[in-house]
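The values are calculated or read from the model by the stated rules, or taken from the named source; none is laboratory data. The shown structure was predicted, so the numbers you read here are calculated from the model rather than taken from an experiment. Reconstructed Cβ throughout: ideal geometry from the backbone, glycine too, with neighbour counts over all protein chains shown.
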Amino acid sequence: MAKDHPLQSLRFASTRPLTPEDLKALYYIHDRVALTLTEILSAEPTSAATWQVISLEQLPFQHVLRKYPRDSVWSLLGFGESLVGGVALVIEKESVISMVRQAGAEISPESENEITEFELGQIDNRIQQFSEAFSTVWGEHHPLSLQLATFPNTPTIDEFRNLLMGISPDTPSVLITFQVTMIAREVQRAALVFPQPYLAPLYHVLKSINDGMVGEGDFEQVQERIGMVDDITTPVVVELGKTRMSFADIQNMEFNDFIILEQGIDKPLTVKIGKNTVMRGSPGTTPDGRHLAVQIVES
């Protein structure tokens, strides 16, 4: 008789679009991760920092990669033997330097904008602390046996295929952004990349988190936590219009040429959240004239 294999490759894992309830649970649990990490760091005055979740987006994995320069630091938190998959913590080079470099530190001019081996070791310690907070909070709902690997540069998509099993450019992913505030330093950011198919075995956890929030006794506290979801951001796209052009016409385009769109000037623009058209709008500018804007109109 064939032996059952409860853990399967990502390429065989089923996934579904995340619901608003899933997003609430992810925001809630990672806000707790941020609070736990803040408490851990408070024990070390030189590295004390306040972490806070400021946004949550759903993006294809290739779009996540485009957000970060090649010299960003990536750390993969693999789930070990408890689950297939993992997450990635990404911090841009400037943020790494700000988090670990002491004010007034003597750095040679050629290394001023580069991360030294010593600093890479320091940021690895911070990532270990993040991993501790992450596994502590998630461990209340599902055991995680984390494994760590830190990279001083953004891996290519082909490298990610070997590092995160079954990943592809189109793999839907959740990008959770944290704001990091340290004393006498500029506010920095870090992000957690969660390939959505790796959430498939944890859907029941997200449901239990939502049920737990609703079941808590202190109603005001529950409302305050759920209210934090109001800060979740999602991409909103306004379609100005589209057309088709021959390759020859594109090659022959010059400065000041016009691309004529199929969209009539008297027709409202399409406003989309994700792939869905949710409203219509007319183009314009903000009152100060500094930004393009869309005024929502009746559909």
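Name the residues in the range 262-299 that are among the charged types (D, E, K, R), exposed (fewer than 12 other Cβ atoms within 10 Å of the Cβ) and either modelled with pLDDT of 75 or more or farther than 28 Å from H63 by Cβ (or both), would you?
E262, D266, K267, D288, R290, E298
Any chance the range 152-173 includes a residue that's assigned to a strand (DSSP E or B), modelled with pLDDT of 85 or more and in the same structural domain as R16 (by TED's automatic domain parsing)? Lay out the reasoning, then the answer.
Of the range 152-173, the ones assigned to a strand (DSSP E or B) are 172-173.
Next, only the ones that are modelled with pLDDT of 85 or more stay: 172-173.
Keeping just the survivors that are in the same structural domain as R16 (by TED's automatic domain parsing) gives 172-173.
Within the range 152-173, one or more residues are assigned to a strand (DSSP E or B), modelled with pLDDT of 85 or more and in the same structural domain as R16 (by TED's automatic domain parsing).
If I ask for residues that are crowded, with 20+ Cβ neighbours inside 10 Å and more than 21 Å from L41 (Cβ to Cβ), which ones from the range 77-104 would you list?
Across the range 77-104, the qualifying residues are G78, F79, V84, G85, G86.
Please find, among Q58, Q62, the residue that is part of a helix (DSSP H, G or I) and either within 25 Å of G166 (Cβ to Cβ) or touching a Phe, Trp or Tyr at 6+ places or on another chain (Cβ under 6 Å) (or both). Working first, answer last.
On the way: Q58 fails: part of a helix (DSSP H, G or I).
Testing whether each residue is part of a helix (DSSP H, G or I) and either within 25 Å of G166 (Cβ to Cβ) or touching a Phe, Trp or Tyr at 6+ places or on another chain (Cβ under 6 Å) (or both) leaves just Q62.
What number goes with the only condition from (1) of a type outside the set (D, E); (2) surrounded by fewer than 16 Cβ atoms within 10 Å (Cβ to Cβ); (3) touching an Asp or Glu at 6+ places or on another chain (Cβ under 8 Å) that L175 does not pass?
The number of the failed condition is (2).
Tally time: how many residues in the range 49-90 are over 11 Å from the mean Cα position of the chain (by Cα) and either at pLDDT below 85 or under 15 Å from L148 (Cβ atoms) (or both)?
The qualifying residues number 14.
So, in the range 110-151, exactly how many residues are touching a Gly at 6+ places or on another chain (Cβ under 9 Å) and part of a helix (DSSP H, G or I)?
Summing the residues that are touching a Gly at 6+ places or on another chain (Cβ under 9 Å) and part of a helix (DSSP H, G or I) in the range 110-151 gives 0.
Among the listed residues E224, E239, which satisfies the condition of being at pLDDT 80 or above and not polar (S, T, N, Q)?
E239
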